[in-house]
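The values are calculated or read from the model by the stated rules, or taken from the named source; none is laboratory data. Given the structure is predicted, the values throughout are model-derived calculations rather than measurements. Neighbour counts run over all protein chains shown; Cβ positions are idealised from the backbone, glycine included.
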Amino acid sequence: MKNLWPIALPPLMAVALFAQTSNEPTKSHCQWFIEPLIANWPLVAVAIIAIFVAWRTLRVMRESAERQLRAYVLPDNAGILDGTMLNPPQPARAYVPGVIMLIKNSGQTLPITL
């Protein structure tokens, strides 16, 4: 196997050479997150409140949109007829009772484009 080092170093010296990464004191794995959080706690508190307000606003907007687009379908007119009262009249259905109901949409609905 070819030696990749230009200068032959003893194994312990090579490990010690690469073990030195920085002169900073060692920190715990959570300290990088906690220190800025403690230093900026007012900003964190405002951000948490803003997230809650935004979430609540979106929920209210969604509920309001559902209420606005709900269709209120109610019977407008109804009647019991026989075949001679239909338009066009159907003599074959004379004296056969039937029900006709007109339904009216009173709510706002989505526009339909064809």
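Looking for whichever is of a type in the set (Phe, Trp, Tyr), over 30 Å from ILE100 (Cβ atoms) and modelled with pLDDT under 85 here; the options are TRP55, TRP32. Which one fits? First the steps, then the outcome.
Working: TRP55 fails: modelled with pLDDT under 85.
The match here is TRP32.
For the structure I just gave you, tell me whether PRO88 is part of a loop (DSSP other than H, G, I, E, B), on the phi < 0 side of the Ramachandran plot and more than 32 Å from the chain's Cα centre (by Cα). Before you say what the answer is, go through the steps one by one.
Working: part of a loop (DSSP other than H, G, I, E, B): yes; on the phi < 0 side of the Ramachandran plot: yes; more than 32 Å from the chain's Cα centre (by Cα): yes.
Criteria met by PRO88.
Suppose the filter is in a loop (DSSP other than H, G, I, E, B), loosely packed, with under 10 Cβ neighbours inside 10 Å, at negative phi and not polar (S, T, N, Q); does PRO42 pass it?
Details: in a loop (DSSP other than H, G, I, E, B): no; loosely packed, with under 10 Cβ neighbours inside 10 Å: yes; at negative phi: yes; not polar (S, T, N, Q): yes.
For PRO42, the condition - in a loop (DSSP other than H, G, I, E, B), loosely packed, with under 10 Cβ neighbours inside 10 Å, at negative phi and not polar (S, T, N, Q) - is not met.
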Tally of residues being modelled with pLDDT under 85 and part of a helix (DSSP H, G or I) across the range 59-79: 5
